[in-house]
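A short write-up of the structure that comes next.
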Amino acid sequence: METKIYSYHNASYTKFQNITIEVSLKCPYCGLPTAFVNSALIPNSNAGIAPFSHRCPNCENISYSFQITNDKEWKLGSFYPGYISDGIPEILVKHCPNFAHIYSQAQQAEQNGLTDLAGMGYRASIEFLIKDYALAFELDTIDDINKLKSLGPTISHYFNNKRKNKELLTFNAAEVVSIIGNDFTHWNKETNCDLNVLKHYTDIVIKVIEMNFDMKFPTVSRQSR
Ligand SMILES: [Zn+2]
């Protein structure tokens, strides 16, 4: 997680006078780099650990951290809710927040050696991504999107496998995620593919959806939208 150092001062408590604290660079709710408004929650604590709240001025949501000190400086111990991975394109963090959160959790699971949980997480992230995409592109109402209960029907619905165009290719990639992802989720296994294959195809689907968002919201345009 990328972090940022803030100056913090609470005149009432010696241990919080003219200190620095370490906070996530990005807000875990809106995903934007932000200038958090920080407050110590238990300023009279004598322990080497102190909880802080952090209000994001962009989206007004509050996140929390534990700051740990060695009596010289305060460092970030943990941050809640879970952070959004730095590698996720900003346009997807903005328009597909559900995807961004679960993909970040899958990455954390993988980094901690929890391969099976990571596999389930990457599979779920693609379901969230396609549904976030459908909502943002107004392909269906939220009620209709809610009716699609799992990844397989979601893929078939939005990337029609009967059409011989680029959607068929997206369907193929998403279906690989669905099939291998099921192997991580269900007791019976259909393939011998490992997490790297699942991640490879997960990244392909992410790229396709990112491309669609980049075209829908071009960086510059002469046409007013
Ligand atoms: Zn925010």
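Sub-7 Å Cβ pairs linking a first residue in the stretch 60-71 that is farther than 12 Å from THR20 by Cα to a second residue that is assigned to a strand (DSSP E or B) and among the basic types (Lys, Arg), at least 6 apart or interchain, are ILE62/ARG55, ordered by first then second residue. Are there any pairs, at least 6 apart or on different chains, whose C-beta atoms fall under 9 Å, with the first in the stretch 195-222 and in the same structural domain as ILE130 (by TED's automatic domain parsing) and open to solvent by less than 60 Å² (accessible area, probe 1.4 Å) and the second in a helix (DSSP H, G or I) and among the acidic types (Asp, Glu), and if so, which? Note: pairs meeting the criteria are LEU195/GLU110; LEU195/ASP116; LEU198/ASP183; LYS199/GLU110; ILE209/ASP132. Could you tell me whether the stretch 165-174 includes any residue that is within 24 Å of the chain's Cα centre (by Cα) and among the β-branched types (Val, Ile, Thr)? There is at least one residue in the stretch 165-174 that is within 24 Å of the chain's Cα centre (by Cα) and among the β-branched types (Val, Ile, Thr).
Scanning the stretch 72-104 for residues that are open to solvent by 30 Å² or more (accessible area, probe 1.4 Å) and among the β-branched types (Val, Ile, Thr) returns ILE91, ILE102.
Is one or more of the residues making up the stretch 158-180 assigned to a helix (DSSP H, G or I), in contact with a Cys (Cβ under 8 Å, 6 or more places away or on another chain) and buried (at least 21 other Cβ atoms within 10 Å of the Cβ)? Within the stretch 158-180 (the criterion being assigned to a helix (DSSP H, G or I), in contact with a Cys (Cβ under 8 Å, 6 or more places away or on another chain) and buried (at least 21 other Cβ atoms within 10 Å of the Cβ)), the answer is yes, since at least one residue qualifies. For GLU60, the conditions (1) outside any strand (DSSP E or B); (2) within 14 Å of the ligand (Cβ to nearest atom); (3) surrounded by 15 or more Cβ atoms within 10 Å (Cβ to Cβ) all hold with the exception of (3).
VAL37 meets each of the listed conditions (1) more than 16 Å from the ligand (Cβ to nearest atom); (2) among the β-branched types (Val, Ile, Thr); (3) exposed (fewer than 15 other Cβ atoms within 10 Å of the Cβ) apart from (1).
Which one is farthest from ASP71 (Cα to Cα) among residues in the stretch 4-34 that are within 16 Å of the ligand (Cβ to nearest atom) and not in a loop (DSSP other than H, G, I, E, B)?
In the first step, residues of the stretch 4-34 are kept if they are within 16 Å of the ligand (Cβ to nearest atom); the result is 4, 6, 23-34.
Still in the list and also not in a loop (DSSP other than H, G, I, E, B): 4, 6, 23-24, 26, 33.
Values: LYS4: 20, TYR6: 17, VAL23: 18, SER24: 21, LYS26: 27, PRO33: 29 Å.
Residue satisfying both the conditions and the ranking: PRO33.
The values are calculated or read from the model by the stated rules, or taken from the named source; none is laboratory data. Because the structure is a prediction, the values reported are computed rather than measured. Don't worry about glycine lacking a Cβ; one is built from the backbone with ideal geometry, like all the others, and counts go over all protein chains shown. Note: accessible area is taken over every heavy atom of the protein model, side chains too, but ligands, DNA and RNA are not part of it. Shrake-Rupley method; radii C 1.70, N 1.55, O 1.52, S 1.80 Å.
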